[in-house]
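Report on the structure given below.
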Amino acid sequence: MKTDNKTMAHQHNFTIQNNAISVADHSIDHIAQMLGGTPFYVYDKQQIIDRIDALKVLLPPQVKLHYAIKANPLPSLVHMIAQHVSGFDVASTQEMLLALQTNISATDISFAGPGKTEQDLRSAIIANVTLHVESTNELSSIQTIASSLNKKANIAIRVNPLFELKASGMKMSGGSKPFGIDEEHIDTILQEIDHTVIKLCGFHIYSGSQNLNADALIECQKQTLSLANNLVSLAQQHNHKQLIYINIGGGLGVPYFSHEKPLAVDKVFQHLTSALTQYQSNLANIEIVIELGRHLVAEAGLYVTKVIDKKESRGQQYLVCDGGLHHHLANSGNFGQVIRKNYPVRLEQQHTPIDDSTETVSVVGPLCTPLDILAEKVTLPTANIGDYFIIFQSGAYGASASPVNFLSQPALKEILL
């Protein structure tokens, strides 16, 4: 692991050669020239593969790793990841069609999310992917469509458990939620399934995401497996005896901010291994699916923009860049942060500096809104117009989660190297 000793002491896995970051032996400047300029995202293929391989070593054999395409749907990245995981989770028909064009089998693709349209359901049934049912109305629609197609639909029931994942960046279970069917109603749902047009493949219990607290994840896994065990028994009572999998979600976070520490993943998976042994009578022949997105790709991505102006306003120095929140909404603080915090960043000077001088600056984008902030009051090497400004932790929920058409700015570039 290389240490960026220039800004914010951020630990990362990018190689630094001649005081410049390189990705797959290409400098940022050469990547910019290759792409025809900035702004762009660049994703390090080897880092993603290494992360997946490291996780698979820790996972018990019964647990299979799936990639949640919503984290980063760049086609080249999805096709690459398909060579290293056991399945995909998708959240739209477009993501499903992308997944179907990889080597992953349709039966290892799950389609989750509330508010699926009739066309979404029809496409998924025809494609033979597994629909994660989010409501009683959705189940009724699936049965009607499957009957009209004279084709069995593969489903898993998404369960909203009574418990929640504590210390989670985004809570998706416990209390009233738009996701899944409340735990207390599952018995009724199982009775309503029409075996002639529905194949019940399993259950989906997703409690939250972006969690760096190993103890909270362990406690949630403990409750999830206990619930899964009970659900399997309940399904068997209603003659659903050939369940294939239980998707226990993911929730594994990555550190974005200076006060955050990396998740103790080994501790989490050691517990999972031991916890599974308690439920072998019911779960022994059922695949357990861990569904990860951000944790696989976030730290392998960089967002790169160029300084195009430098100004001072009443004592505050500003760097103005050619990229901004329209490409990287999460970094701007407008994708869920209550109080905006800076992502780790780096300035790469394009001319040999005269000295080691630094300055405290706010870095902004080109949009005419005060929300277009890339970094606020950070200490960087003294910048010149033409220098590159780099944002780490940018491999997940970047371009596809941003308003790229806002103010009709030039198109963004993305590349996997």
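Every read-out reported here was derived from the displayed coordinates using simple, explicitly stated rules and does not represent laboratory data. Just so it is clear, the model here is predicted, and its values are computed rather than measured. Glycine also receives a Cβ, built like all others from the backbone with ideal geometry; neighbour counts cover every protein chain displayed.
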Give the percent of DSSP beta bridges with both residues in the stretch 105-292 that are antiparallel, rounded to the nearest 5. 10
In the structure shown, do any of Lys116/Lys267; Lys70/Lys261; Lys45/Lys310 have a Cα-Cα gap over 30 Å, and if so which? Lys116/Lys267; Lys45/Lys310
What number comes out for the charge environment of Pro75, summing +1 per Lys or Arg and -1 per Asp or Glu over other residues with Cβ under 11 Å away? -2
Distance in nm between label sites at Thr107 and Cys368, each 7 Å beyond Cα in the beta-carbon direction? 5.8
Would you mind pulling out the separation of the Cα centroids of the stretch 201-277 and the stretch 57-134, in Å? 19
Table column - 3J(HN,Hα) (Hz), the stretch 409-417, Karplus curve with 6.51, -1.76, 1.60, x for Gly and Pro: 6, x, 5, 8, 10, 9, 8, 9, 10
Its Cα gyration tensor gives the stretch 105-292 an equivalent ellipsoid whose semi-axes in whole Å, largest first, are 29, 18, 14
Would you calculate a helix-derived [θ] at 222 nm for the chain, using -39,500 (n - 2.57) for each DSSP H run of n ≥ 4 and dividing by the full residue count, to the nearest 500? -8000 deg cm²/dmol
Please give, to one decimal in nm, the separation of the simple spin-label points placed at Asp266 and Lys241, each 7 Å out from Cα toward the Cβ. 4.4
Determine by what factor the alpha-carbon radius of gyration of the stretch 183-340 differs from 2.2 N^0.38 Å, reporting the quotient. 1.48
Stretched fully, the stretch from His259 through Met80 gains (0.36 nm per residue minus C-alpha distance, one decimal, in nm) 61.2 nm
Dimensionless Rg/Rh of the stretch 1-115 - Kirkwood Rh, Rg from C-alpha atoms: 1.04
Can you work out ³J(HN,Hα) from phi for every residue in the stretch 39-48, in order, using Karplus 6.51 cos²θ - 1.76 cosθ + 1.60 and θ = phi - 60°, giving whole Hz and x for Gly and Pro? x, 7, 9, 10, 10, 8, 4, 5, 4, 5
Once amide hydrogens are built 1.01 Å from N within the peptide plane, the residues lying 5 or more places from Val133 or on another chain with amide H under 5 Å from its amide H are Ala156, Ile157, Arg158
P(r) tail for the chain, what percent of Cα pairs lie past 34 Å? 35
Per DSSP loop assignment and a cutoff of at most 16 other beta carbons within 10 Å, the chain keeps its longest run without exposed chymotrypsin sites (Phe, Trp or Tyr not before Pro) at 1-256
Cβ-Cβ FRET estimate between Lys45 and Leu149, R0 fixed at 30 Å, reported to 0.05: 0.15
If you take every DSSP beta bridge fully contained in the chain, what fraction is antiparallel? Give it as a percent rounded to 5. 45
Taking amide H positions as placed in the peptide plane 1.01 Å from N, state which residues far from Ala153 in sequence (5 or more) or on other chains have amide H under 5 Å from it. Ile198, Lys199
Can you list residues whose amide H is under 5 Å from Gln11's amide H, if they're 5+ apart or on another chain and H is modeled 1.01 Å from N? none
Per residue of the stretch 386-393, in order, report the coupling 6.51 cos²θ - 1.76 cosθ + 1.60 (Karplus, θ = phi - 60°) as ³J(HN,Hα) in whole Hz, putting x for Gly and Pro. x, 6, 9, 10, 10, 10, 7, 6
Which ordering of Met80, Met34, Met96 is given by a fewest-first count of other beta-carbon atoms within 10 Å? Met34, Met80, Met96
Which of the peptides 351-359, 55-63 is most tightly packed, and how do the rest follow, going by the mean number of other Cβ atoms within 10 Å of each residue? 55-63, 351-359
